[in-house]
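This report refers to the structure that appears directly beneath it.
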């Protein structure tokens with residue numbers, strides 16, 4: 001497929017996992033992709049997957065870095081068509097023991113980072129009638145123990161997505177989100193739980209078909225960002241292997 005031929009895309013969190021798979025998928029379908037992450041080594045791996053992918057090291061939680069990121073995508077090509085906000089972090093804690101700095105960090109990267117990228121990209125996306133795909137989570141809608149900060153950030157992303165979809169619909173910008181369930185990524189592989197956590201509570205958020213692969217989420221991002229999703233905006237599409245069916 002060549003659904004993104006001639007299009008320019010930014011993908012954050014592209015150094016690994018869902019972001020990496022999304023950058024590779026969009027490039028495979030013809031997009032010129034600026035792959036963004038704080039992980040330079042991971043970006044080098046991503047960039048080797050396609051000559052359409054260019055690595056750009058930046059922190060989405062840094063306002064100046066976000067402005068530089070969008071410039072880096074737009075200036076060489078004169079346009080921006082797709083923004084995929086995949087960057088995110090996860091920290092766990094018993095909520096009554098969660099330090100404020102952990103709460104602030106998770107909200108800053110996940111929610112404020114998504115907002116900053118959207119804010120900076122929107123003027124360019126209005127020119128091209130482009131698309132935004134954010135990365136929410138099943139924790140946006142269903143309780144995930146020990147993940148209060150993460151769930152709050154992802155619930156905020158779902159709400160932000162709907163607000164932007166309505167605000168910019170008449171300007172031709174579509175804004176959607178994916179809400180992955182359990183997916184085999186670096187975040188999930190390295191997750192630790194607080195001492196005394198009752199791990200039986202995790203069964204309610206595990207897919208009956210097992211964890212998904214990043215490529216499965218990337219395929220939905222590509223659908224939402226492409227003309228095949230042209231009648232979709234303000235949606236938050238669960239990709240969770242039937243966890244909450």
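What follows is calculated from the coordinates using simple rules that are stated; it is not laboratory data. Computed from a predicted model, the values in this text were never measured in an experiment. Ideal geometry is used to build each Cβ from the backbone, glycine not excepted, and the neighbour counts take in all protein chains shown.
Numbers below:
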item	result
Spread of Cα-to-Cα distances over 5 Å intervals beginning at zero, given as percent, for segment 1-76	3, 20, 30, 25, 16, 5, 1, 0
Degrees, to the nearest 10: 113-128 long Cα axis against longest axis of the chain	30 degrees
Whole-angstrom gap from segment 1-49 to segment 142-160, using each part's C-alpha centre	25 Å
Tilt relative to the chain, helix 148-167 - C-alpha long axis, 0 to 90 degrees, to 10	30 degrees
Fully extended contour minus Cα-Cα distance, from residue 230 to residue 209, at 0.36 nm per residue	4.6 nm
Residue with peak Gaussian network fluctuation, the chain [Cα springs, cutoff 10 Å], from 188, 140, 203	203
Scattering profile of segment 42-175 at q = 0.11, 0.12, 0.15, 0.22 Å⁻¹ [log10 I(q)/I(0), Debye over alpha-carbon scatterers]	-0.44, -0.52, -0.79, -1.30
Taking the convex hull of Cα positions in segment 114-245, its mean projected area over all directions (nm²)	8.5 nm²
Highest average packing first - 91-98, 70-77, 125-132, 26-33, Cβ atoms within 10 Å	26-33, 125-132, 70-77, 91-98
Helical contribution to [θ] at 222 nm, DSSP H n ≥ 4, -39,500 (n - 2.57), averaged over the chain, rounded to 500	-11500 deg cm²/dmol
Isotropically averaged projected area of segment 138-203, using the convex hull of Cα atoms (one quarter of hull area), nm²	5.4 nm²
Folded to 0 to 90 degrees: helix 63-74 orientation relative to the chain principal axis, Cα	40 degrees
Extension reserve of the residue 142-residue 72 stretch, reckoned as 0.36 nm per residue once the Cα distance is removed	21.5 nm
Length-normalised contact order for the chain - Cα pairs under 8 Å, 6+ apart - percent	20 percent
Convex hull per residue volume in Å³, alpha carbons only, for segment 8-238	115 Å³
